[in-house]
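Data first, discussion second: the structure below is written as structure tokens.
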Amino acid sequence: MKILIADSGRGAFLWKNGEILRLDCPAECPYCPAADRERLFLCCRKNRDCCCLSRRTLQVEKIFPAPPALAAALPSPCGKFLYFLSTEADAVQTVSLEKGELRCAAPAGVFPRSMKLHSSGRLLLCAGGAVNEACLLNAPDLTVRHVFYPKSPCFGADFWREGVVLLCAVEGEELETAVCVARPGRPRAREIQRLPGQPGALCVCPDGVSALLSTPDGLMKLSLPEGKLEWNLPEWALCMGLCCQGQLALISDALCGRVCLLNLYRPWERRILFQGGDAQACFLPEEHNPSFSGANS
């Protein structure tokens, strides 16, 4: 297992089976880490660019422009594109990795902060942020496939087995978090859970029927078919970085600069991997094996 960590104050690191290696990366303030089977991606807050490193040599392959204030950077499974979501530009962009150039762009709400790529690589789901919408886009050309219209501003969205999950901020006497499910062709999203406080992050688990979400009350695991909470970790309230691989979840907590690895089914089994100031992290997918692919082509 390998994990890429970016901290705008301390630099970029590669964690592998308990050992941590500092990467020689030109990004002065690295953030928004991402990886595909052949490359590592680290964006720079200061220079507004993206540094691409080879996973094999850990050397810089190219540097290309990136939009400001990134909420997400997602490589395509085919290895040809990198998708950016900018909260400042209110847009999603497709960059060609072959040339390091912008291929196309599309509007994405107002102050959007969540974007997920379907496992097929053919669909992008962008939460609208301060507007009551989540947009389903065809990838890589970013044409609109469908727009979901929840009743409240949508700050998180992800794919699950029966459609999409939306994490919304409900305004009233006190701010609340609504978890809704929807699918293309249905006029309205259906609320399955209401929680106190503002919404944090959302990530559907690899089983496709449960999700991690954060609020001021903690980090929770929710069963989507039943709408019931399975567990809650109060110490990880409002953590904004969530991703999963197998039975493990990776938590990035920018408020205290920690990166934690925990078991989705036994959440008491967890380990702090990194302590910094503004840490973000992502799992690395399995590396491409040319000989294996060639044997099956």
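The values are calculated or read from the model by the stated rules, or taken from the named source; none is laboratory data. Owing to the predicted nature of the structure, the values given are computational and were not obtained by experimental measurement. When we count neighbours, we look across all protein chains shown, and the Cβ atoms used for this are built from the backbone with ideal geometry, even at glycine. With ligands, DNA and RNA removed, areas are computed over all heavy atoms of the protein, side chains included. Shrake-Rupley method; radii C 1.70, N 1.55, O 1.52, S 1.80 Å.
Roughly how many debye, to the nearest 20, is the charge dipole of the chain about its Cα centre, given +1 on each Lys and Arg Cβ, -1 on each Asp and Glu Cβ, and no other charges? Intermediate values should be presented prior to the final figure.
Working: 32 positive and 31 negative charges, 124 e Å.
That gives a dipole near 600 debye.
Count Lys and Arg as plus one, Asp and Glu as minus one, and take only other residues whose Cβ is under 12 Å from that of Lys2; the net charge is then 0. In region 81-180, a dipole from Cβ-located charges (positive for Lys and Arg, negative for Asp and Glu) runs towards its positive end, and of Ala157, Met115, Ser96 it is Ser96 whose Cα lies farthest in that direction. Between amide H atoms placed 1.01 Å from N, distances below 5 Å from Ala139 occur with Leu123, Leu124, all of them 5 or more places distant or on a separate chain.
Carbon and sulfur together cover what percent of the accessible area of the chain at a 1.4 Å probe radius? Result for the chain: 48 percent of the exposed heavy-atom area is carbon or sulfur.
List the pairs from Lys16/Lys80; Lys80/Lys228; Lys62/Lys116 whose alpha-carbon separation is above 30 Å, in the order I gave them. Beyond 30 Å between Cα atoms: Lys80/Lys228.
Rank these by accessible area, largest first, 1.4 Å probe: Arg48, Arg55, Arg258, Arg194.
Ranked from most to least accessible, the order is Arg48, Arg194, Arg258, Arg55.
Calculated accessible area for the chain comes out at 47 Å² per residue, all protein chains present (probe 1.4 Å; ligands, DNA, RNA ignored).
Which net charge results when you count Lys and Arg as +1 and Asp and Glu as -1 among the other residues whose beta-carbon is under 12 Å from that of Ala139? Mind showing how you got there, number by number?
On the way: positive: Lys80, Arg103, Lys116, Arg122, Arg145; negative: Asp141.
Neighbourhood net charge equals +4.
Taken as Cα centroids, region 185-234 and region 59-121 sit 26 Å apart, rounded to the nearest whole angstrom.
Which FRET efficiency value, to the nearest 0.05, do you get for Ile20 and Tyr265 by plugging their Cβ-Cβ distance into 1/(1 + (r/R0)^6) with R0 = 30 Å? If you can, show how the numbers build up before the last one.
Working: r = 26 Å, r/R0 = 0.86.
Step by step, r from the Cβ atoms, then E = 0.70.
Please give the net charge around Ala130, taking every other residue with its beta carbon less than 15 angstrom from that of Ala130, where Lys and Arg add +1 and Asp and Glu add -1. Display every interim value, and only then the final one.
On the way: positive: Arg113, Lys151; negative: Glu88, Asp90, Glu133, Glu171.
That sum, taken over residues with Cβ under 15 Å, equals -2.
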